[in-house]
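Here's the structure we're looking at; comments come further down.
The values are calculated or read from the model by the stated rules, or taken from the named source; none is laboratory data. The model shown is predicted, which means the values in this text are computed figures rather than measured ones. Virtual Cβ from ideal backbone geometry, glycine too; neighbours counted across all protein chains shown.
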């Protein structure tokens, strides 16, 4: 069985690797010039904030489709069913996805924020 110190050291190494990857990707994305035909605020693209209205809930939810957590909004993993449904869609487009309980959920994109 691993000792407490070895477990803590491994966790510290993992955290450091994660932080290095995060810093690299943030600097890389900051220098890439996106194609304006794709990144206009008409479509949902990775990294933008998406305000979503769900038919089964009151109010609006703001999400960010991103691998790296950010404090701007609730993070959606790009592989989640909601994120896959939202990607490349337009404002006011009615959408449906399969929720975590297996039910079909209807949503509408209210707003896209860069």
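Computed quantities for the displayed model
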read-out: Matching strands (runs of 3 or more DSSP E) fully within region 59-114 where at least 1 residues are closer than 30 Å to residue 17 by Cα; value: 60-65, 74-76
read-out: Subset of region 68-110 (residues that are touching a residue at least 24 places away in the same chain (Cβ under 8 Å) and loosely packed, with under 15 Cβ neighbours inside 10 Å); value: 68, 78, 88, 90, 106, 110
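Residues are listed down the side, and each one gets a yes or a no for (1) exposed (fewer than 10 other Cβ atoms within 10 Å of the Cβ); (2) modelled with pLDDT of 80 or more; (3) under 17 Å from the mean Cα position of the chain (by Cα):
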| residue | (1), (2), (3) |
| --- | --- |
| 19 | no, yes, no |
| 26 | no, no, yes |
| 36 | yes, no, no |
| 58 | yes, yes, no |
